[in-house]
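Peer 1: Let me give you the structure first, and then I'll get to my questions.
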Amino acid sequence: MRIPWRRRQAGRSRRLLELAGVKPGSVDDSDDLDVCRQVAFRAAQRDCGATAEVLVVVEELLKDEAEYEFAVTLLENLQNLVSHDLDMFRSPDEMCRLLGPRSAICWDTVTGFWAEVATWRVGTGAPLESATTLLGVQNESLRMLLWTANRTLPTGEKLGIADAVRYEKAVGSPIPGFSHIAVALRISGQGGPLTR
């Protein structure tokens, strides 16, 4: 017996992977976190001709509450990538111009969350690390993993998922309906699937 949401999930992932130009079979389309990373990494690039189409799909997904976590994960990965201010990626302003109304609200929500994390992190007194080492990674697979999980601040310092998890544990204010603690658990294999 097939479970209907599984079929829909795989279809959604496959569609995004195809739009982003990810080679068939190079990603298990049932692993939502990897799909989001792969799609974001390609869609953020200046030479990707389907960035707008990927964002149209994200906008459609946001009509369905069950797809919210997936869509926010993809948008956050895109934000992290464009924060690095690298020539290979579009700028944050370029990405914002391509967002639909629902996506724009999520984008602003994610931006606000990370601003709060940065303010909290600076307030702890512990120095932030420079993003230089992160941005110097040469291995493409490692680059994709690190660049989507971290963001570069305007100061040249970096924040990452570990900072978001610490912030949520200390302050208890995740993105509404989306927790980095849950994402970290899924990455480590201790949590359930990204989507319900």
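Peer 1: Could you go through segment 156-179 and let me know if any residue there is under 14 Å from the mean Cα position of the chain (by Cα), within 22 Å of PRO92 (Cα to Cα) and of a type in the set (Lys, Arg).
Peer 2: no
Peer 1: Then there's this: Determine the pairs where a residue that is basic (Lys, Arg), located within segment 112-140, has a partner that is assigned to a loop (DSSP other than H, G, I, E, B) with Cβ atoms under 8 Å apart, the partner being 6 or more residues away or on another chain.
Peer 2: ARG121/LEU128
Peer 1: Kindly indicate whether ASP28 is of a type in the set (D, E, K, R), at pLDDT 85 or above and more than 12 Å from VAL54 (Cα to Cα).
Peer 2: Answer is no for this residue.
Peer 1: Sticking with this structure for a sec: For segment 40-60, check the following and say yes or no: at least one residue is out of contact with any strand residue (DSSP E or B) (no Cβ under 9 Å at 6 or more places or on another chain), open to solvent by 40 Å² or more (accessible area, probe 1.4 Å), of a type in the set (Lys, Arg) and without any contact (Cβ under 8 Å) to a residue 24 or more places away in the chain.
Peer 2: Yes, segment 40-60 contains at least one residue that is out of contact with any strand residue (DSSP E or B) (no Cβ under 9 Å at 6 or more places or on another chain), open to solvent by 40 Å² or more (accessible area, probe 1.4 Å), of a type in the set (Lys, Arg) and without any contact (Cβ under 8 Å) to a residue 24 or more places away in the chain.
Peer 1: Filter the helices (runs of 4 or more DSSP H) completely within segment 87-196 down to those with at least 2 residues that are more than 20 Å from GLU65 (Cα to Cα) and in contact with a Phe, Trp or Tyr (Cβ under 9 Å, 6 or more places away or on another chain).
Peer 2: 92-98, 101-123, 132-135, 140-149, 161-171
Peer 1: Within segment 144-153, restricting attention to residues that are in contact (Cβ under 8 Å) with a residue 60 or more places away in the chain and either within 20 Å of ARG42 (Cα to Cα) or touching a Cys at 6+ places or on another chain (Cβ under 8 Å) (or both), which residue is surrounded by the most Cβ atoms within 10 Å (Cβ to Cβ)?
Peer 2: This residue is ARG151.
Peer 1: Further question: Got a sec? Which of GLY156, GLY123 is more than 30 Å from GLU60 (Cβ to Cβ) and open to solvent by 40 Å² or more (accessible area, probe 1.4 Å)?
Peer 2: After ruling out the rest, the residue left standing is GLY123.
Peer 1: Would segment 75-98 turn up any residue that is among the basic types (Lys, Arg), surrounded by fewer than 19 Cβ atoms within 10 Å (Cβ to Cβ) and at pLDDT below 95?
Peer 2: Checking segment 75-98: not a single residue is among the basic types (Lys, Arg), surrounded by fewer than 19 Cβ atoms within 10 Å (Cβ to Cβ) and at pLDDT below 95.
Peer 1: I'd like the full set of residues that are among the aliphatic types (A, V, I, L, M) and free of Cβ contacts under 8 Å to residues at least 60 places away in the same chain, limited to segment 75-111.
Peer 2: Of everything in segment 75-111, those that are among the aliphatic types (A, V, I, L, M) and free of Cβ contacts under 8 Å to residues at least 60 places away in the same chain turn out to be LEU75, LEU78, VAL82, LEU86, MET88, MET95, LEU98, LEU99, ALA104, ILE105.
Peer 1: With the checklist (1) crowded, with 16+ Cβ neighbours inside 10 Å; (2) in contact with a Ser or Thr (Cβ under 8 Å, 6 or more places away or on another chain); (3) free of Cβ contacts under 8 Å to residues at least 40 places away in the same chain in hand, flag the one item HIS180 doesn't pass.
Peer 2: The failed condition is (2).
Peer 1: Exactly one condition in (1) outside any loop (DSSP other than H, G, I, E, B); (2) modelled with pLDDT of 85 or more; (3) small (Gly, Ala, Ser) is false for GLY49; which is it?
Peer 2: Every condition holds for GLY49 apart from (1).
Peer 1: Related question: Taking the stated definitions as given, is TRP107 surrounded by 14 or more Cβ atoms within 10 Å (Cβ to Cβ), among the aromatic types (Phe, Trp, Tyr) and within 23 Å of VAL57 (Cβ to Cβ)?
Peer 2: yes
The values are calculated or read from the model by the stated rules, or taken from the named source; none is laboratory data. What you see is a predicted model; the values in this text were computed from it and never measured. Note that each Cβ is placed from the backbone with ideal geometry, even for glycine, and that neighbours are counted across all protein chains shown. SASA here: full protein model, heavy atoms, side chains in, ligands and nucleic acids out. Shrake-Rupley method; radii C 1.70, N 1.55, O 1.52, S 1.80 Å.
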